[in-house]
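Laboratory data are not the source of any read-out in this text; all were calculated from the coordinates shown. Just so you know, these numbers come straight off a predicted model, no measurement behind them. Note that each Cβ is placed from the backbone with ideal geometry, even for glycine, and that neighbours are counted across all protein chains shown.
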Amino acid sequence: MRNFIFYCKILINFLKYKLLFKKSKKFLIDLGESIYGAKMISLGQSFAAKKNLRMEAFGDGMELKIIIGDYVSLGVNVHIGAINSITIKNNVLFGSNILVTDHNHGNYNGEYQSAPTEIPTERILHSPGPIVINNNVWIGDGVVILPNVEIGEGVIVAANTVVNKNIPANSIVAGNPMRVIKKYNFGNKKWES
């Protein structure tokens, strides 16, 4: 009986997302997901997400906020939140326990700044800029990707790295603060420090 209920949940989940994401030809989203603003999210072909996916797109409901390309695979406990724009291009692999957010609860720079006396949940959502993750990127477990960054093509982001600035193509980054630790040399076909 337990297996029957489990498979019914999977079927209901599949039908629900087939209606929401009509353009995506093939995808798999495990149970335990939370998706807010589905009309502002676009999934490419062969999208896959393990348990506890959390995707949130905030806005007027007409403009795409999260655009995910083809052959993107997300591990367990991935949270993607957008008020501006998050673009994840093709052939991107995410580990588990990853946060990708293009916004803050509050504004801490510029003319108007949030005060510490404001209740955090009531502070204005502020985006310093969009996030772009280019093709063929591998993002390790525990990574945090902050607003206003572009991750170049062919990049590897080591586990537990905090991405707070642009990453050049074909490099490996690690740490907090993040730094480039290797670049790929196409001449000798090796990663070099």
(request) Please give the direction-averaged projected area of the C-alpha convex hull for the stretch 46-193, in square nanometres with one decimal. (result) 10.2
(request) Can you tell me the order of 85-97, 107-119 when each peptide is scored by its average per-residue count of other Cβ atoms within 10 angstrom, highest first? (result) 85-97, 107-119
(request) Sum up the charges of everything whose Cβ sits under 13 Å from the Cβ of Ile66, counting Lys and Arg as +1 and Asp and Glu as -1, but leave Ile66 out. (result) +1
(request) Return the subset of Lys39/Lys165; Lys50/Lys89; Lys165/Lys189; Lys50/Lys183; Lys89/Lys189 for which the Cα-Cα distance in this structure is over 21 Å, preserving the input order. (result) Lys39/Lys165; Lys165/Lys189; Lys50/Lys183; Lys89/Lys189
